[in-house]
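Each remark here refers to the structure printed beneath this line.
The values are calculated or read from the model by the stated rules, or taken from the named source; none is laboratory data. The model shown is predicted, which means the values in this text are computed figures rather than measured ones. With ideal geometry, Cβ positions are generated from the backbone for all residues, glycine too; neighbour counts draw on all protein chains shown. Quick note on the areas: whole protein, heavy atoms, side chains included, nothing else; ligands and nucleic acids left out. Shrake-Rupley method; radii C 1.70, N 1.55, O 1.52, S 1.80 Å.
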Amino acid sequence: MSRRLLVLRVNGLAREAAVDEHHTLLEVLREDLHLTGTKHGCELGECGACTVLVDGEPWLACLTLAVDVEGCEITTVEGLAAPGRPDPLQSAFAELGAAQCGYCSPGMLVSARALLDANPSPTRDEVRHALAGNLCRCTGYEAILDAVLLAADRDGSARAAAHVAGGGDRGDR
Amino acid sequence: MMRLPPFARLAPRTLAEAVEMLADQGPGAAVVAGGTDLYPNMKRRQVEHHALVDLRAVEGMRGIREEPGGGISIGATTRLSHLAGSSAVPRALAHAASVIASPQIRNMGTVGGNLCLDTRCSWYNEPEDWRTAVGFCLKAAGDVCRVAPAKSHCWAVASSDLPPVAIALGASVRAVGPGGERTFPVADLYRDDGIDHLALLPGEIVAELLVPPVDGLRVTYRKIRRRGSIDFPELGVAASVRLAPEGICEAATIVLGSVASAPVRCREAEDLLAGRPLTPEVIEEAAAAAAHPAKPQDNTDLSHVYRKWVIPIHVSRALQSLS
Ligand SMILES: Cc1cc2nc3c(=O)[nH]c(=O)nc-3n(C[C@H](O)[C@H](O)[C@H](O)COP(=O)(O)OP(=O)(O)OC[C@H]3O[C@@H](n4cnc5c(N)ncnc54)[C@H](O)[C@@H]3O)c2cc1C
Ligand code: SF4
Ligand code: FES
Ligand code: FES
């Protein structure tokens with residue numbers, strides 16, 4: 001039941017917080033670090049609204065103790081965009097109406113980012129499986145699948161263009 | 001926010017240390033691995049623990065190893081996503097892991113946590129205020145079973161996906177406790193009692209799952225659930241057969257999940273298969289018998305009538321896939 005000074009690496013920055021050991025990563029992100037992009041839905045593991053990336057893998061912040069991810073690289077939706085430049089997934093979601101109320105979007109976006117980082121050109125079915133832990137009450141999912149595939153397409157074209165120009169690996173993020 | 005109640009968290013580095021810490025903390029302490037079962041249950045105030053021994057950092061407890069004798073050892077804190085993606089383990093076991101919960105939960109949840117999953121019931125896995133309004137039950141704070149009030153027995157359901165297929169593979173569990181270590185068949189880890197469903201001795205921790213060499217055994221696992229993701233099994237069917245060259249079934253194991261407080265062996269059906277070829281007629285006969293030992297109660301998402309009715313259908317499909 002003790003309180004501890006914790007250093008978490010969130011979106012590439014070391015963030016310090018004094019946290020109760022039984023507090024979840026979701027509580028610490030939202031309430032101590034004021035990163036409210038990560039949403040709380042069911043808080044029981046069922047909806048995926050609280051999804052964040054831990055060392056690049058989608059985890060549920062509502063069932064993870066903050067102390068358990070000390071030393072890990074944590075990515076929240078706030079960490080997807082480069083300054084002034086949204087992640088291609090964010091642009092595609094906005095363009096295709098893949099967010100309606102938007103409550104599921106932060107979780108969808110980070111789950112989709114993990115997928116595209118591991119598998120840059122997924123099939124529609126692979127996208128479906130990767131997002132199977134993220135519930136959406138609004139869109140009916142099709143627009144979300146379309147948006148992820150569009151972003152994958154653009155990622156691919158950007159990579160191809162960068163390659164032709166003799167540039168680096170990824171000019172898109 | 002639905003918050004966890006306060007508890008002391010201990011983070012041992014070795015299994016011996018974990019066993020010692022658990023014993024030191026006395027009754028009311030528990031181990032936690034991925035927390036994907038325990039934390040929701042604690043948030044809903046179904047269980048209370050003043051201290052949790054976190055197994056995540058225990059060295060040597062994570063990972064899949066080939067054993068000198070040809071079998072495979074799966075450390076208890078091996079994550080489900082690792083098991084699902086492993087080509088070293090029998091395909092049916094990897095498949096069972098791949099259909100558990102969701103991608104996020106498979107990244108967090110462990111094999112040991114899955115084997116030791118608390119039993120589930122639609123009267124129990126509810127928030128505290130819901131249960132306060134409706135009334136508590138035998139399994140937590142009450143004095144009556146809401147499912148079958150006439151008996152003082154808890155029928156909460158063994159709802160994890162790995163145990164049936166682990167039993168069909170002939171796997172064992174190695175457990176370590178204050179009194180030393182022991183290795184026993186996975187089936188012996190369970191008791192058909194929704195409250196006291198694990199046959200672990202006080203203070204014992206599951207260290208690894210030991211899968212013997214498959215050696216020609218054909219194994220399959222089918223999971224029936226409401227949605228194609230996230231949901232717990234409403235029925236799990238694991239089956240394994242060993243066929244002689246002429247197609248005669250030398251031995252069969254059929255195990256049902258989610259129909260009782262422990263995995264259920266279908267001995268009558270197994271006996272019907274022994275010494276016979278897996279023809280459609282033999283399969284139908286065995287599949288019908290497989291439903292006999294299952295007595296699902298009305299305490300999961302789908303009705304108990306439906307869950308009983310579909311047993312032969314899915315046992316039959318499982319056996320067909322092995323023939
Ligand atoms: C939304 C949701 C859906 C789910 N769907 C499924 C599903 O479809 N199928 C399924 O099988 N499960 C499902 N689960 C349950 C759970 O996520 C998995 O079973 C997971 O494998 C549990 O592992 P864990 O490491 O997270 O367990 P924990 O929560 O850490 O532990 C579970 C229990 O086992 C005990 N325990 C853990 N490790 C050990 C050990 N080594 N020795 C002794 N005791 C131990 C703990 O004390 C606790 O009582 C679901 C959970 C959620 C929240
Ligand atoms: S089966 Fe009965 S005693 Fe057991 S959890 Fe359900 S209502 Fe409670
Ligand atoms: S808030 Fe974490 S899964 Fe719903
Ligand atoms: S956009 Fe509203 S929940 Fe997905």
Quote the relative contact order of the range B:109-201 in percent (integer), defining contacts as alpha-carbon pairs under 8 Å separated by 6+ residues.
26 percent
Over all residues in A:36-46, what is the mean tally of Cβ atoms on other chains that come within 10 Å of each residue's Cβ?
4
Excluding B:Val176 itself, what net charge comes from residues whose Cβ is under 13 Å from its Cβ, given Lys and Arg +1 and Asp and Glu -1?
-3
Can you give the FRET efficiency for B:His50 and B:Ala244, using 1/(1 + (r/R0)^6), R0 = 51 Å, r = Cβ-Cβ distance, to the nearest 0.05?
0.35
What FRET efficiency comes out for B:Asp129 versus A:Cys138 if R0 is 35 angstrom and r is the Cβ-Cβ distance? Round to the nearest 0.05.
0.80
Can you list, largest first and rounded to whole Å, the semi-axes you get for chain A by taking the square root of 5 times each eigenvalue of its Cα gyration tensor?
29, 19, 13
With the Cα gyration tensor of the range A:88-172 in hand, give its eigenvalues times 5 under a square root as the equivalent ellipsoid semi-axes, listed largest first in whole angstrom.
24, 13, 10
I need two numbers for the protein assembly as shown: Rg to one decimal and Dmax as a whole number, Cα atoms only, in Å.
23.6, 77
Take chain A, connect every pair of alpha-carbon atoms lying under 10 Å apart with a spring to form a Gaussian network, then pick out the residue of A:Leu109, A:Leu96, A:Leu80 with the largest mean-square fluctuation.
A:Leu96
Distance in nm between label sites at B:Ser323 and A:Arg4, each 7 Å beyond Cα in the beta-carbon direction?
5.7 nm
Assign unit charges at the C-beta atoms only (+1 for Lys and Arg, -1 for Asp and Glu), then state the dipole size of the range B:39-136 relative to its Cα centre in Debye, rounded to the nearest 20.
220 debye
Inter-chain shielding metric for B:6-16, i.e. average beta-carbon neighbours from other chains within 10 angstrom, reads 2
Diffusion constant of the range B:110-198 at 4 °C, which comes from Stokes-Einstein with the Kirkwood Cα-pair radius and 1.567 mPa s, µm²/s
88 µm²/s
Charges at C-beta only: +1 for Lys and Arg, -1 for Asp and Glu. How large is the resulting dipole of the protein assembly as shown about its Cα centre, in Debye rounded to 20?
580 debye
Total formal charge among the other residues, if their Cβ is under 15 angstrom from that of B:Ala133, Lys/Arg +1 and Asp/Glu -1:
+1
Trypsin sites (Lys or Arg not before Pro) within the range A:50-156: DSSP coil, no more than 12 neighbouring Cβ in 10 Å:
A:Arg137
Extension length gain for B:Leu200 and B:Tyr306 (0.36 nm per residue less Cα distance), in nm, is 34.9 nm
With +1 assigned to the C-beta of every Lys and Arg and -1 to the C-beta of every Asp and Glu, and no other charges, what is the dipole magnitude of the range A:88-172 about the Cα centre in debye, to the nearest 20?
140 debye
Sequence of B:Arg218, B:Arg13 from largest to smallest accessible area, 1.4 Å probe
B:Arg13, B:Arg218
So how exposed is B:Arg226, as accessible area in Å² (1.4 Å probe, rounded to 10)?
150 Å²
Pulled fully out, how much extra length does the chain show between B:Lys295 and B:Asp24, if you take 0.36 nm times their separation in residues and subtract their Cα-Cα distance?
93.6 nm
Summarise the partner chain shielding of A:20-26 as one whole number: the mean count of Cβ atoms from other chains within 10 Å of each residue's Cβ.
5
Spin-label model distance (nm) - B:Asp143 vs B:Ala57, 7 Å beyond Cα toward Cβ:
4.5 nm
